[in-house]
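A.B. asks: This structure is in structure tokens; I'll ask about it shortly.
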Amino acid sequence: MRSDQIPFFVKEVLSTGATLYAAGKDHYFFGDLDVPDDKAEEILARVNGICERYGPRDHLQTEIARHLLSLGLDIVGHGECRVLRWLDRSARSTSCPVIA
């Protein structure tokens with residue numbers, strides 16, 4: 001992924017019903033999915049496809065986090081954040097790693 005693709009990546013991921021949150025200024029993570037399991041699997045498959053299409057993004061952690069902060073998508077701004085209920089599913093369902 002290139003830095004100019006960050007807004008498009010974030011928009012595509014969010015359009016699936018998945019969530020992304022900044023954790024401070026340098027990290028981000030995929031948040032909880034509050035949907036039935038069958039719907040969650042569909043969303044995870046779509047997010048996985050998006051992640052594969054954009055490619056590696058570890059080198060852009062800070063830039064992605066700052067973009068999410070600019071959108072108000074951070075754990076501080078939300079007060080309560082339901083974090084990664086599907087974490088155990090992510091290992092088998094998506095190549096999108098949790099970054100924390």
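Laboratory data are not the source of any read-out in this text; all were calculated from the coordinates shown. Because the structure is a prediction, the values reported are computed rather than measured. Heads up, the Cβs are rebuilt from the backbone with ideal geometry, glycines too, and the neighbour counts pull from every protein chain shown.
A.B. asks: Skipping prolines and chain starts, which residues have an amide H placed within reach, meaning under 5 Å, of the one on residue 24, given they are 5 or more residues away or on another chain?
C.D. replies: 75, 76
A.B. asks: Label 7 Å along Cα→Cβ of residue 32; the stretch 59-75 residues with amide nitrogen under 18 Å?
C.D. replies: 73-75
A.B. asks: Another question, then. In sequence order, what are the phi-derived ³J(HN,Hα) couplings for the stretch 62-70 according to the Karplus relation 6.51 cos²θ - 1.76 cosθ + 1.60 with θ = phi - 60°, rounded to whole Hz, with x for glycine and proline?
C.D. replies: Residue by residue, the stretch 62-70 yields 5, 5, 5, 4, 5, 5, 4, 4, 5 Hz.
A.B. asks: Let me ask you something else. Run the numbers for residue 41 and residue 14: contour at 0.36 nm per residue of separation, minus the present Cα-Cα distance, in nm.
C.D. replies: Residue separation times 0.36 nm, minus the Cα-Cα distance, leaves 8.2 nm.
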